[in-house]
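Asker: I have a structure I would like to understand better, so I am pasting it below and will then ask my questions one at a time.
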Amino acid sequence: MKRNKIILLLILYGFMANAIPLDTSFTYQGELKNSAGIAYNGLFDFRFEAFDASLENTGFSFGFFIADDVQVTDGIFTTQIDFDGGAFFGDKVWLEISVRDGNSTGGYQTLLPRQQVTATPYASHASFAQNIGINSVSTNEIINATIATADLANSSVSSAKIVDGTIVAADVNSAQVQRRVTTTCPAGQFMQAVNQDGTAVCVAETAGITSVTSAEIVDGTIAAVDIDNTQIQQRVSTVCSGGRVVKSINASGIATCVFPTPSDNSVNSTKVLDGSIVAADVDTNQIQQRINGSCIFPEYLTSVSQTGNVVCARMPIGVRIILDSTGNVGANTSIAIGADGNPIISYSDFSNAVLKVVKCSNPSCSTFNTPIALDSAGSVGFYTSIAIGTDGNPIISYYNDSNGDLKVVKCSNPGCSTANTPITLDSAGDVGSFTSIAIGTDGNPIISYSENPFNNGNLKVVKCSNPGCSTANTPTTLDSTGDVGTFTSIAIGTDDNPIISYYDGSNGDLKVVRCITSSCSLFTSPQTIDSAGDVGRYTSIAIGTDDNPIISYSDDTVFGNGNLKVVKCSNPICSTFNSPLTLDSAGTVGRFTSIAIGTDGNPIISYYDSNNDYLKVVKCSNPSCSTINTPIALDSAGVVGAYTSIAIGTDGNPIISYQDLSNGDLKVYSCGDANCSN
């Protein structure tokens, strides 16, 4: 169809039926022909849009209406149009009509000119009603109850304008006009209220009576629930016993019983029954209840609460404690602080070649549980390392000397009194010595370890794929350039990626490697940190409060004159670092080092003085350890201090596990202050 070949004749039809409310739709009839006068037949889609102007592309649109698939027969069609009342407000309206074939989904062709919508009979009648007024709206044209008082002006309807008997109940808005009262209360009831619809609420005649005589009360009918006990005393129902007397009676008739008090307000021994005074009878603001606690060394009693509980404080002294002396025990120690604040230590029992663990029952470890053997399948338990899982249960990595395997065991409770079955993580050759374990931010452990130099002498790492380490990723070799990977120590950086310090035995260097992923599947090239002589044995790494790692280690360049050294990285990945510092050179010192970060942000290092056979500690006086306190010998009773491991307790004081070589015992030293000076 082309625009100039369509002729549209439209005829508007309107009709009204009595008693049927009007809606906003109306009927259009038109004739559709082409320019040659030939009428169309078939289905067509029509689009009607209402405007307030007659010319194309002018005026305001009131909205549009689409009639799909309208039947056109010999050019004639009829359809309903509805603008939802949005087009007709009393002003002139023109329709712009567009058409398309009923089978088409394309655009519409606009038919011009626009068609004016003329007044309908209803509109004429409305105009008549507005201009003429009285009697212009009949009763047939009023919907029942639609005329409310708000629709009528004051004094606008007089009695002369109301036909007698024409106002019925349906015409009344009962929310505003009271309908006729229609209820009659039966005998024995009276009217309490009248509803809007004229119905009444009837109640029994007795309701509301303010006086009742004895003749009007049936015997036994008044019960406790009928009595207002704020005005009438209910029956007293309490009987006092045991020499007690009534002190008072409450409104419900229940009495308060007490022992009689002498007139002189005194109580002597003859007036008190033996054992009758219990804790609940004591006013703790005036009388001290029995003391029911004690302090365990190295704590002391500072005060007693009103209820008899003791308050203990830690003595500012260091304490040496033997945890296990059942044979040659205490080698390869590793210590961690449990979620309950109490330390736990893994170690090797050389006498029986088993892995053991002991849990302290207080923060200072002055009391502890019985040591437990976790693995005794062969010669096991060497090179132990312990960490606390995110579930609060410890996990321990160690070496199986019988098979040359790396193993791990997960405790099933915080005290490690029970444990899962030990798991072998790597058995490819002689592997698993010098283990170090840490917990990743995903809760899964990761372990660094060494491959025996007689095998390959490589640094390796393995990441567990769940917190219990029952499954693990394939082990990764991080450095294989010579005899490398002994004396490993692992820590988790602030970017969630591990960093590992270790000893390069081929060159006598301290090295570090940084993982690029949390599983260590990708890593940086190994970095040499110190190569000044034979350095790097007994490494221990920790992450400082500035996010930069710090490493303690031994300098064994001069035989029989080893030194304790430390190096501070100057960025988190340790690609740059400060110059290595010597912290102690008084004899053969610096073996079995272990480093931790104090609560003040300053590192503290435990180590073995093999020249004097002492356990020693040195506290740095700043985060980089460029200045230090004087090194201190903590235990010198025999050959002590090998296999040290240090952790910071919940009280901020360090605690160190180590071996007493003289007696083959496992010991701990619990420091009395943050610097371990006591």
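The values are calculated or read from the model by the stated rules, or taken from the named source; none is laboratory data. Predicted, not measured: the structure shown is a model, and the values here were computed from it. FYI the Cβ positions are ideal-geometry reconstructions off the backbone, even for glycines, and counts take in every protein chain you see.
Asker: Residues of the range 163-200 being surrounded by 10 or more Cβ atoms within 10 Å (Cβ to Cβ), of a type in the set (D, E, K, R) and either in a loop (DSSP other than H, G, I, E, B) or touching a Leu at 6+ places or on another chain (Cβ under 7 Å) (or both), which ones?
Answerer: Within the range 163-200, Arg179, Asp197 meet the criteria.
Asker: Inside the range 83-115, can you point out the residues that are within 14 Å of Phe51 (Cα to Cα), in a strand (DSSP E or B) and not polar (S, T, N, Q)?
Answerer: Val93, Trp94, Leu95, Glu96, Ile97, Leu112, Pro113, Arg114
Asker: Regarding the range 604-622, can at least one residue be identified that is out of contact with any Asp or Glu (no Cβ under 9 Å at 6 or more places or on another chain) and of a type in the set (Phe, Trp, Tyr)?
Answerer: Yes, the conditions are met somewhere in the range 604-622.
Asker: Select from the range 627-667 the residues that are within 42 Å of the chain's Cα centre (by Cα) and assigned to a loop (DSSP other than H, G, I, E, B) and list them in ascending order.
Answerer: Gly649, Thr650, Asp651, Gly652, Asn653
Asker: Taking only pairs six or more apart or across chains, which ones have beta-carbon atoms under 9 Å, a first residue in the range 517-539 that is over 22 Å from Ile447 (Cβ atoms), and a second residue that is loosely packed, with under 15 Cβ neighbours inside 10 Å and β-branched (Val, Ile, Thr)?
Answerer: Final answer for the pair search is Ala532/Thr557; Gly533/Thr557; Gly533/Val558; Asp534/Thr557; Asp534/Val558; Val535/Thr557.
Asker: Find the strands (runs of 3 or more DSSP E) located wholly in the range 409-504 whose residues include 1 or more that are acidic (Asp, Glu), within 34 Å of the chain's Cα centre (by Cα) and surrounded by 22 or more Cβ atoms within 10 Å (Cβ to Cβ), and list them.
Answerer: Qualifying strands (runs of 3 or more DSSP E): none found.
Asker: Do we have Phe46 as in the same structural domain as Asp23 (by TED's automatic domain parsing), within 15 Å of Phe26 (Cβ to Cβ) and surrounded by 14 or more Cβ atoms within 10 Å (Cβ to Cβ) here?
Answerer: Spelling it out, Phe46 is indeed in the same structural domain as Asp23 (by TED's automatic domain parsing), within 15 Å of Phe26 (Cβ to Cβ) and surrounded by 14 or more Cβ atoms within 10 Å (Cβ to Cβ).
Asker: Select from the range 64-90 the residues that are out of contact with any Asp or Glu (no Cβ under 6 Å at 6 or more places or on another chain), of a type outside the set (Ser, Thr, Tyr) and surrounded by fewer than 14 Cβ atoms within 10 Å (Cβ to Cβ) and list them in ascending order.
Answerer: Across the range 64-90, the qualifying residues are Ile66, Asp69, Gln71, Asp74, Gln80, Asp84, Gly85, Gly86, Phe89, Gly90.
Asker: Of the conditions (1) in a strand (DSSP E or B); (2) free of Cβ contacts under 8 Å to residues at least 60 places away in the same chain, Ile321 fails just one. Which one is it?
Answerer: It fails just one condition, (2).
Asker: Taking the residues in the range 91-103 that are closer than 16 Å to Leu43 by Cβ and touching a Phe, Trp or Tyr at 6+ places or on another chain (Cβ under 9 Å) as candidates, determine which candidate is surrounded by the most Cβ atoms within 10 Å (Cβ to Cβ).
Answerer: Val99
Asker: Quick check on the range 293-307: of everything there that is surrounded by 12 or more Cβ atoms within 10 Å (Cβ to Cβ) and part of a loop (DSSP other than H, G, I, E, B), which residue is modelled with the lowest pLDDT?
Answerer: Phe297
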